[in-house]
Number of protein chains: 2
Amino acid sequence: MENTTLNVQGMTCGHCEAAVTSALKELNGVSDVKVHLSEGKVDVSFDSSKVSIDQMKEAIEDQGYDVVA
Amino acid sequence: MENTTLNVQGMTCGHCEAAVTSALKELNGVSDVKVHLSEGKVDVSFDSSKVSIDQMKEAIEDQGYDVVA
């Protein structure tokens, strides 16, 4: 299991937090997600043999948020 | 049919707009809802014989937002 922190722009409220959390948790290989709304950060625990960071970024962007480096 | 504008605090994103809109539209007697997100205002067209402004305020507050005078 690995951990990463993604920088996500545009999350403003609990709905946004829920949308990002569930989009990530739907990915096979993602085991835990913690959104830090005020900081625009998302901590993810994942199995890198099953899911890539690019797939996580795409899942977040599909919800309408930008992932920055 | 009557029209009113409610001042709603705490709406920050499209999810908030959708939550408030659908909560109001579920009320019998509400025919149209238009959220102005950046202004914190919600225009409602309604039949005052079927629904009261207090019922609308309660529906919005149930979604977690404050309605101010």
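Coordinate-derived values only; no laboratory data. In this text, all values refer to a predicted model and were calculated from it rather than measured experimentally. Cβ coordinates were reconstructed from backbone atoms using ideal geometry, including for glycine residues, and neighbour counts include every protein chain displayed.
The other copies place their A:Glu2 label points at 6.1 nm from this one, listed shortest first, where each point is 7 Å from Cα along Cα→Cβ.
If contacts are Cα pairs under 8 angstrom and at least 6 residues apart, what is the relative contact order of chain A in percent?
On the way: 113 pairs, mean separation 29.9, N = 69.
For chain A, the relative contact order is 43 percent.
Placing dummy labels 7 Å off each Cα toward the beta-carbon, the span from B:Ser45 to A:Asp47 is 5.4 nm. For region B:31-68, applying the loop criterion from DSSP together with a ceiling of 16 other beta carbons within 10 Å to the trypsin sites (Lys or Arg not before Pro) yields B:Lys50.
Placing +1 on each Lys and Arg Cβ and -1 on each Asp and Glu Cβ, with no other charges, gives region A:2-68 a dipole about its Cα centre of roughly 120 debye.
Each part gets one Cα centre, and for region B:1-42 versus region A:29-57 those centres are 33 Å apart. Could you pull the copy-to-copy label distances for A:Leu37, with points set 7 Å along Cα to Cβ, in nm to one decimal and sorted shortest first? The projected label point of A:Leu37 is separated from its counterparts by 1.5 nm.
Shape annotation for chain A: C-alpha extents along the principal axes are 32, 21, 19 Å, from largest to smallest.
Spin-label pair A:Ser38-B:Gln55: with each label point 7 Å from Cα along the Cα-Cβ axis, the two points sit 3.9 nm from one another. Starting from the Cα of A:Lys34, draw a straight line to each of the aspartates and glutamates and keep only those under 12 Å, dropping any in the same chain fewer than 8 residues away. Here the aspartates and glutamates satisfying the reach criterion relative to A:Lys34 are A:Glu17, A:Asp43. Ignoring lysines fewer than eight residues from A:Lys41 along the same chain, the ones with Cα atoms less than 21 angstrom from its Cα are A:Lys25, A:Lys57.
Apply the Kirkwood formula to the protein assembly as shown: the hydrodynamic radius equals the inverse of the mean of 1/r over all pairs of different alpha-carbon atoms; give it in Å with one decimal. Let's see the in-between values first.
On the way: mean 1/r = 0.0599 Å⁻¹.
Every distinct Cα pair counted, the radius reaches 16.7 Å.
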